[in-house]
Amino acid sequence: MRALVCGAGIAGLTVAGELGRAGWDVTVVERSPARREHGYMIDFLGPGFAAAEAMGLLPRLRELAYPIDRVSFVDEAGRARHLRYDQVARDQGGRLLSLMRPDLELALLERLPPHVEVRLGTTVTTIDNGPGRVTATCADGTTESADVLVGADGIHSTVRSQVFGPEERFVRQLGFHTCAFLFGAAELHQRLGATFYLTDTLDRVAGLYAVRGGRVAMFGAHRVDDVALPADPRAAVVRAYAGLGRLVEEALTHCPESPDLYYDQVAQVELAPWSAGRVVLAGDACQAVSLLAGQGASLAVAGGRLLVHELSTASSVPEAFAHYERRWAPVVADRQAAGRRAAGSFLPRSRRALLLRRAGLRLLQVPLARRLVSGRVVGRRAPTTTRD
Ligand SMILES: Cc1cc2nc3c(=O)[nH]c(=O)nc-3n(C[C@H](O)[C@H](O)[C@H](O)COP(=O)(O)OP(=O)(O)OC[C@H]3O[C@@H](n4cnc5c(N)ncnc54)[C@H](O)[C@@H]3O)c2cc1C
């Protein structure tokens, strides 16, 4: 069997690796001309953690993970309230890793069987979704014929647009923009240590943390009146996060231009079905939950692995696609609803909401309350494959 995977992100590399290990002939096409180095810290827990464990990926992920001791929420007056993050991880039984997104991709890339081909700097331009086979032409002039085409090309998926319809039909905007970038700053790096610094502010949040190589990562999320992406993302970032204190001001002086600056809308993807003929979607392309749910990467790994399990065990490709969606869509819907519920506390829009969040933080100092919350964070139990 042969598969073409569009997108070498977390979902695409999971699917490609698992299919390759199941004996499929796999080609991955990735738009980016080189491995994407920019990124942000992700909490990796829940179903993705369990899938990574079953895939034998955990030892490498533990090597790549960052030990975050505490999250410091710093208000406008410079007053910090702390959350012992190491305790949160312990409440999860140690099944929570803080990883940079490119490091998770690296671990998946390293695990690809040698016969899986990854072609960088190209994409799928046309798709002929025939009854028994799918044929795609690529921007590099090649034509690929496969039993299955997996669209794992993220929230703005081209495969989805070509096969299922325009983005506006499937993307639910949540009213925020988000950004992330890395910069070199030895002194700030040392000062942050293993602390994740977060502003405790209305309508916008900026986060800073130290990453390897003496660098610091900044991420932000802010409410917008108009969800359309700005013409000049760098200028939008500098404007949106100005006045958030000395550390953020320092970070903003290092804000790069695209493509070193990640800037996007905060949104979820809702569509059904997830497949048509020989084409199926995976990861954010069909199941984006947004950063508010904090599990998109986790679901990309677990969902991608489940898709391959179904392709390996069902009696036909359409049956595999149907099983995959039937088992996985409820988990995604559950995490999406949780993400929408989290919006008000992640980015409080009123003084009252901000104070409520602070009260919640105090409650999290109580072990029982913390364990209850972390149970809710992981959410609905995800289906496992029979190999687990
Ligand atoms: C600030 C922020 C914080 C987050 N925090 C967390 C967290 O704590 N925990 C968590 O689990 N998740 C988190 N997420 C979500 C997580 O990053 C995503 O859900 C995850 O990256 C989705 O993986 P994916 O492979 O589906 O898509 P992507 O990561 O978007 O990868 C898509 C890939 O396809 C490529 N591509 C795009 N278009 C094309 C094309 N036309 N042709 C070929 N290739 C293409 C892209 O270059 C990319 O390599 C966060 C997201 C953000 C923005």
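The values are calculated or read from the model by the stated rules, or taken from the named source; none is laboratory data. Please read these numbers as outputs of a predicted model, since none were measured by experiment. Don't worry about glycine lacking a Cβ; one is built from the backbone with ideal geometry, like all the others, and counts go over all protein chains shown. In case anyone asks, the SASA skips ligands and DNA or RNA and just uses the protein heavy atoms, side chains included. Shrake-Rupley method; radii C 1.70, N 1.55, O 1.52, S 1.80 Å.
So what does residue 10 come to for accessible area, using a 1.4 Å probe and Å² rounded to 10?
Solvent-accessible area, nearest 10 Å²: 20 Å².
With the Cα gyration tensor of segment 23-81 giving a ≥ b ≥ c as the square roots of its eigenvalues, does the rule (a/c under 1.5 for rounded; else a/b larger than b/c for prolate; else oblate) give rounded, prolate or oblate?
Numbers: a/c = 3.36, a/b = 1.77, b/c = 1.90.
Oblate, because a/c is 1.5 or more while a/b does not exceed b/c.
If you fit an axis through the alpha-carbon atoms of helix 101-110 and take the longest principal axis of the Cα set of the chain, what angle between them do you get, 0 to 90°, nearest 10?
Helix 101-110 sits at roughly 30 degrees to that axis.
Can you tell me the accessible area per residue over the chain, all protein chains present, probe 1.4 angstrom, in square angstrom? All intermediate terms of the calculation are to be shown ahead of the outcome.
Working: 16380 Å² over 388 residues.
For the chain, the per-residue accessible area is 42 Å².
Classify the chain as rounded, prolate or oblate, taking a ≥ b ≥ c as the square roots of the eigenvalues of its Cα gyration tensor: rounded when a/c is under 1.5, otherwise prolate if a/b is larger than b/c and oblate if not. All intermediate terms of the calculation are to be shown ahead of the outcome.
Numbers: a/c = 1.78, a/b = 1.56, b/c = 1.14.
Note, shape of the chain comes out prolate.
Protein chains only, probe 1.4 Å: how do 209, 85 rank by accessible area, largest first?
Accessible-area ranking of 209, 85, largest first: 85, 209.
Taking Cα centroids, how far is segment 175-232 from segment 16-37 in Å?
30
For a bin width of 10 Å, list the pair-distance distribution of segment 90-176 built from all Cα-Cα distances, rounded to whole %.
Result returned by the calculation: 13, 31, 32, 18, 5, 0.
Based on the alpha-carbon set only, what is the convex hull volume of segment 72-134 divided per residue, in Å³?
Numbers: hull volume 16.1 nm³, N = 63.
Considering the Cα atoms of segment 72-134, their hull volume per residue is 256 Å³.
Name the trypsin sites (Lys or Arg not before Pro) in segment 39-140 that are in a loop by DSSP and that have at most 10 other C-beta atoms within 10 Å, would you?
Those satisfying the criteria are 79.
For segment 190-232, what Kirkwood radius comes out of the mean inverse Cα-Cα distance, in Å?
On the way: mean 1/r = 0.0819 Å⁻¹.
One decimal place: 12.2 Å for the Kirkwood radius.
Around residue 261, what is the net charge, scoring Lys/Arg as +1 and Asp/Glu as -1 over all other residues with Cβ under 11 Å from its Cβ?
On the way: positive: 234; negative: 232, 257, 260, 264.
Taking every Cβ under 11 Å from that of residue 261, the sum is -3.
When the accessible area of the chain is split by element with a 1.4 Å probe, what percent falls to carbon and sulfur?
Details: 8740 of 16380 Å².
Roughly 53 percent of what the probe reaches on the chain is carbon or sulfur.
Starting from the Cα gyration tensor of segment 194-259, take the square roots of the eigenvalues, sort them a ≥ b ≥ c, and report rounded, prolate or oblate (rounded when a/c is under 1.5, otherwise prolate if a/b is larger than b/c, else oblate). Provide the component values of the computation, followed by the final result.
Working: a/c = 2.02, a/b = 1.37, b/c = 1.48.
Note, shape of segment 194-259 comes out oblate.
So how tilted is helix 296-313 from the main axis of the chain? Cα-based, degrees 0 to 90, rounded to 10.
Between the helix axis and the principal axis of the chain, the angle is about 20 degrees.
Considering the convex hull of the alpha carbon atoms of segment 1-56, report its projected area averaged over all viewing directions, in nm², one decimal.
On the way: hull surface 18.8 nm².
Dividing the Cα hull surface by four gives the mean projection, 4.7 nm².
Sorted by accessible area with a 1.4 angstrom probe, largest first, how do 40, 324 fall? Could you put the intermediate results ahead of the total?
Numbers: 40 60, 324 0 Å².
Largest accessible area first, the list is 40, 324.
Work the Kirkwood hydrodynamic radius out for segment 255-354: mean of 1/r over every pair of different alpha-carbon atoms, inverted, in Å.
Values: mean 1/r = 0.0660 Å⁻¹.
Every distinct Cα pair counted, the radius reaches 15.1 Å.
What's the ranking of 286-299, 340-353 by average number of surrounding C-beta atoms within 10 Å, highest first? Before the final figure, lay out the partial values.
Working: 286-299: 26.5, 340-353: 14.9.
My ranking of the peptides, most packed first, is 286-299, 340-353.
Once the convex hull of the alpha carbons of segment 160-201 is built, what does its volume come to per residue, in cubic angstrom? Mind dumping the intermediate values first?
On the way: hull volume 6.1 nm³, N = 42.
Expressed per residue, the convex hull around the Cα atoms of segment 160-201 is 145 Å³.
So what J values fall out for segment 86-98 if you push phi through Karplus, 6.51 cos²θ - 1.76 cosθ + 1.60 with θ = phi - 60°, rounded to Hz, Gly and Pro as x?
4, 6, 4, 5, 5, 4, 8, x, x, 8, 8, 10, 9
So what are segment 1-109's ellipsoid semi-axes, whole angstrom, largest first, if each one is the square root of 5 times an eigenvalue of the alpha-carbon gyration tensor? Intermediate values should be presented prior to the final figure.
Values: eigenvalues 217, 60, 17 Å².
Sorted largest first and rounded, they come to 33, 17, 9 Å.
In vacuum, with every alpha carbon of segment 129-264 counted as one equal point scatterer, what does the Debye formula give for log10 I(q)/I(0) at q = 0.12, 0.14, 0.20, 0.22 Å⁻¹? Two decimals, please.
The Cα Debye sum returns log10 ratios of -0.64, -0.77, -1.11, -1.27.
Hey, what angle do you get for helix 351-363 against the long axis of the chain, alpha-carbon based, 0 to 90 degrees rounded to 10?
Rounded to the nearest ten degrees, it is 90.
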